[in-house]
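A.B. asks: Please read through the structure below; I'll follow up with questions.
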Amino acid sequence: MRIAVAAACLVAGSLPEVADAFAGSGLRLPAGARAGARARAGSLAVTMAATMPKKRVVVTGVGAVTSIGMGADDFFANLLKGEHGLAPLPAWADEFPCKTGASLKDFTAEEWYANKKEAKRQSRYMHLGIAAAKLGLKDAGLETTAIADKSRFGMLIGSAIGGSEYYEEASTKWAKHSEYDQLKAGGAWGDDTFAGRSSVYKGPMFMDDSKFTFSGFKVISPFIVPSFIMNSGSGVAAVELDAQGPNYCIGGYGGEGAGGAVSIGQAYRFLSTDVADVMIAGGSEACLTECVVAGFNKLSDMQCNDIEHICKAFDKNSKGYALGEAAGLLVLETLEHAKARGAKIYCEARLLKSQCPSTFVQ
């Protein structure tokens with residue numbers, strides 16, 4: 001047993017003291033193996049030291065784009081008033097169990113872009129992320145031109161769905177510009193009148209191998225892929241603000257919608273380990289589209305239209321939740337960087353913990 005444990009420690013590059021301890025108890029190890037363990041231990045110690053927190057991290061700005069207010073001040077003031085931003089969704093949701101949502105009012109995407117044409121090429125969750133990032137910088141009193149090393153200025157914007165409106169629009173165009181072969185009488189799916197559909201079986205009206213016409217290909221937007229993938233939110237915001245540091249997206253749904261919170265935790269890690277001086281982190285979501293809302297309505301938690309009892313904390317009559325669209329980002333800096341520019345400090349970030357509940361399926 002001792003030989004097996006010692007060998008495992010050596011292979012893993014454990015501290016040489018472990019090998020010495022086993023050797024001192026009567027186990028004889030080759031000198032080369034012990035030397036290798038010491039070398040690997042030194043490398044491991046250097047790696048661990050590089051990832052251990054060594055700098056204090058503070059929050060200096062808040063950017064909020066929500067249905068109850070734009071900017072930190074409006075958001076918090078209306079939140080304390082008890083406003084919720086919920087309202088009926090468009091007519092396409094009339095037949096859904098939950099036809100209520102929290103959509104933004106009077107939001108104009110072009111106002112937040114240096115190049116207004118870019119807004120037309122990007123999806124709504126990207127618009128909200130850029131707006132929240134700029135509001136956060138304004139609240140922090142930080143001009144990006146004042147950040148000397150842009151490679152130490154990063155952006156982490158979490159999202160679970162991405163640009164769903166681009167995907168759904170493309171699907172609609174696909175259906176509109178496709179040619180279908182109607183099923184023949186006596187075929188496997190039934191006669192040509194019902195095409196296999198009856199009061200019992202609601203089968204397909206058309207064959208599966210439909211053809212997408214060239215006219216349909218031409219109307220598909222060339223921006224569809226970068227507009228609906230989740231990591232584009234962080235990317236376009238970084239381009240807009242010239243943030244050349246750490247940048248990626250943490251998906252939100254698998255962690256109980258916690259992608260924004262985990263992004264803030266990751267930003268803390270980059271700052272505390274001296275990889276970055278300034279990070280903008282949080283989440284952005286804008287998925288009040290027909291297919292997504294329909295999908296969430298299929299879940300048992302979205303069955304209520306009583307605005308007074310939807311997602312109400314500490315209310316025994318609370319009945320599930322409703323979807324909304326918003327972006328919330330924090331500006332985080334190392335304490336050293338914030339003090340050097342005389343920034344106001346909201347609070348200090350001290351700890352990150354993340355886990356995955358094994359019971360979460362939704």
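A.B. asks: Starting from residues that are in a loop (DSSP other than H, G, I, E, B) and out of contact with any Ser or Thr (no Cβ under 7 Å at 6 or more places or on another chain), keep the ones in segment 62-80 and report whichever is farthest from Ile310 (Cα to Cα). Explain how you work it out, then say what you get.
C.D. replies: Keep residues of segment 62-80 that are in a loop (DSSP other than H, G, I, E, B), which gives 67-68, 71.
Filter once more, so that each one left must be out of contact with any Ser or Thr (no Cβ under 7 Å at 6 or more places or on another chain): 68, 71.
Details: Ile68: 16, Gly71: 24 Å.
It comes out as Gly71.
A.B. asks: Across segment 126-162, which residue is modelled with the lowest pLDDT among those that are more than 23 Å from the chain's Cα centre (by Cα) and either part of a loop (DSSP other than H, G, I, E, B) or crowded, with 24+ Cβ neighbours inside 10 Å (or both)?
C.D. replies: Ala148
A.B. asks: Then there is this: Here is a list: Ala261, Ala276, Ala294. Which entry is part of a loop (DSSP other than H, G, I, E, B) and of a type in the set (Gly, Ala, Ser)? Walk me through it before giving the result.
C.D. replies: Values: Ala261 fails: part of a loop (DSSP other than H, G, I, E, B); Ala294 fails: part of a loop (DSSP other than H, G, I, E, B).
Being part of a loop (DSSP other than H, G, I, E, B) and of a type in the set (Gly, Ala, Ser) holds for just one of Ala261, Ala276, Ala294, which is Ala276.
A.B. asks: Right, next: Does segment 166-176 contain any residue that is polar (S, T, N, Q), in contact with a helix residue (DSSP H, G or I) (Cβ under 8 Å, 6 or more places away or on another chain) and at pLDDT 90 or above? Break it down into steps so the answer makes sense when it comes.
C.D. replies: Here is the first cut: in segment 166-176, the ones polar (S, T, N, Q) are 171-172.
Those left that are additionally in contact with a helix residue (DSSP H, G or I) (Cβ under 8 Å, 6 or more places away or on another chain): 171.
Imposing the further condition that a residue be at pLDDT 90 or above reduces the set to none.
For segment 166-176, residues polar (S, T, N, Q), in contact with a helix residue (DSSP H, G or I) (Cβ under 8 Å, 6 or more places away or on another chain) and at pLDDT 90 or above: absent.
A.B. asks: May I ask you to verify whether Val65 is under 19 Å from Val278 (Cα atoms), modelled with pLDDT of 90 or more and aliphatic (A, V, I, L, M)?
C.D. replies: Values: under 19 Å from Val278 (Cα atoms): no; modelled with pLDDT of 90 or more: yes; aliphatic (A, V, I, L, M): yes.
Criteria not met by Val65.
A.B. asks: Here is a further query. Can you tell me which residues in segment 229-243 are assigned to a helix (DSSP H, G or I), touching a Gly at 6+ places or on another chain (Cβ under 9 Å) and of a type in the set (Val, Ile, Thr)? Let's see the steps before the verdict.
C.D. replies: Step one: list which residues in segment 229-243 are assigned to a helix (DSSP H, G or I), which gives 232-241.
Remaining after also requiring touching a Gly at 6+ places or on another chain (Cβ under 9 Å): 232-234, 236-238.
Scanning segment 229-243 gives a single hit, Val236.
A.B. asks: Of the residues that sit in segment 329-349 and are within 17 Å of Lys54 (Cβ to Cβ) and part of a strand (DSSP E or B), which one is modelled with the lowest pLDDT?
C.D. replies: The extreme case among them is Ala349.
A.B. asks: May I pose another question? Tell me, yes or no, whether segment 81-102 has at least one residue that is β-branched (Val, Ile, Thr) and assigned to a loop (DSSP other than H, G, I, E, B).
C.D. replies: No, segment 81-102 has no match at all.
The values are calculated or read from the model by the stated rules, or taken from the named source; none is laboratory data. All values derive from a computational prediction rather than experimental measurement. We place every Cβ from the backbone using ideal geometry, glycine too, and count neighbours over all the protein chains shown.
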